[in-house]
1. What residue, among those in segment 40-71 that are at pLDDT 95 or above and polar (S, T, N, Q), is surrounded by the most Cβ atoms within 10 Å (Cβ to Cβ)?
2. Could you list, in sequence order, all residues of segment 24-76 that are farther than 15 Å from Ser89 by Cβ, part of a strand (DSSP E or B) and free of Cβ contacts under 8 Å to residues at least 40 places away in the same chain?
3. Return the only residue of Leu37, Leu96 being crowded, with 16+ Cβ neighbours inside 10 Å, more than 15 Å from Phe4 (Cβ to Cβ), touching a Pro at 6+ places or on another chain (Cβ under 7 Å) and of a type in the set (A, V, I, L, M).
4. Which one is surrounded by the fewest Cβ atoms within 10 Å (Cβ to Cβ), of the residues in segment 77-93 that are assigned to a loop (DSSP other than H, G, I, E, B) and out of contact with any Phe, Trp or Tyr (no Cβ under 7 Å at 6 or more places or on another chain)?
5. Taking segment 1-23 as the search range and keeping residues that are under 16 Å from Ser89 (Cβ atoms), in a loop (DSSP other than H, G, I, E, B) and of a type outside the set (Asp, Glu), which one is modelled with the lowest pLDDT?
6. Spot the failing condition for Arg103; the list is (1) at pLDDT 95 or above; (2) more than 16 Å from Asp3 (Cβ to Cβ), and only one is missed.
7. Name the pairs: first residue in segment 80-103 and on the phi > 0 side of the Ramachandran plot, second residue crowded, with 18+ Cβ neighbours inside 10 Å and of a type in the set (Ser, Thr, Tyr), Cβ to Cβ under 7 Å, at least 6 apart or on different chains?
8. In segment 81-103, which residues are of a type outside the set (A, V, I, L, M, F, W, C) and over 17 Å from Leu37 (Cβ atoms)?
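The values are calculated or read from the model by the stated rules, or taken from the named source; none is laboratory data. Because the structure is a prediction, the values reported are computed rather than measured. Quick reminder, even Gly has a Cβ in these numbers, built from the backbone with ideal geometry, and neighbours come from all protein chains shown.
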Amino acid sequence: MSDFYCENVFSGKVEVKKVKETDNILAFYHTNPYYELHIVIVPKEHILTLLDASDELISEIFSVAKEIVKKLKPEGYSIRVNGGSFQDSKHLHFYLVSGEKIR
C-alpha cells in the first residue's frame, strides 16, 4: 500500500511549495498538477480514509480550504476527495482545483 504523503512529503524526500500549514494540516501545490491551480490539502497524521477522520479534523481541512480560496480568489473551484479504490495514495487527501485541465 503506497502512501506518497508519509513516504515522500512528510519525510522530506520530495519538496513541496506550501500554501498553508497548521499543526495538523499541510496544503501545497500538487507536484504534478492536472489543473492550472491544483492544491493538495492533507492531514499530517496518517489517516487512511474520510471515514477514519474525526469531525474536528474535517472541519479544520475545510477551514484551511476556505482560507486558501479567500487568499487566491479563483474564479471557480472544486474541492474533491477520493476514497477506497479511487485513492492512488493511501492517505486521506483533498484537492482544491481551479482553471483548465492541463493534462
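1. Restricting to residues being at pLDDT 95 or above and polar (S, T, N, Q), the top hit is Ser63.
2. Listed by number, the residues that qualify are Ile25, Tyr29.
3. Details: Leu96 fails: touching a Pro at 6+ places or on another chain (Cβ under 7 Å).
Just one listed residue meets the conditions, Leu37.
4. Step one: list which residues in segment 77-93 are assigned to a loop (DSSP other than H, G, I, E, B), which gives 77, 82-83, 87-93.
If we keep only those that are out of contact with any Phe, Trp or Tyr (no Cβ under 7 Å at 6 or more places or on another chain) as well, we get 77, 82-83, 87-88, 90, 92.
On the way: Tyr77: 17, Asn82: 15, Gly83: 12, Gln87: 18, Asp88: 9, Lys90: 16, Leu92: 25.
Among those residues, the one meeting the criterion is Asp88.
5. Residues of segment 1-23 that are under 16 Å from Ser89 (Cβ atoms), as a first pass: 1-11, 13-14, 16.
With in a loop (DSSP other than H, G, I, E, B) added as a condition, the list becomes 1-3, 10-11, 13-14, 16.
Still in the list and also of a type outside the set (Asp, Glu): 1-2, 10-11, 13-14, 16.
Numbers: Met1: 57, Ser2: 85, Phe10: 96, Ser11: 94, Lys13: 96, Val14: 96, Val16: 98.
The selected residue is Met1.
6. (1)
7. The qualifying pairs are Gly99/Tyr35.
8. Quick first cut of segment 81-103, residues of a type outside the set (A, V, I, L, M, F, W, C) only: 82-85, 87-91, 93, 95, 98-101, 103.
Asn82, Gly83, Gly84, Ser85, Gln87, Asp88, Ser89, Lys90, His91 - these are the residues of segment 81-103 that are of a type outside the set (A, V, I, L, M, F, W, C) and over 17 Å from Leu37 (Cβ atoms).
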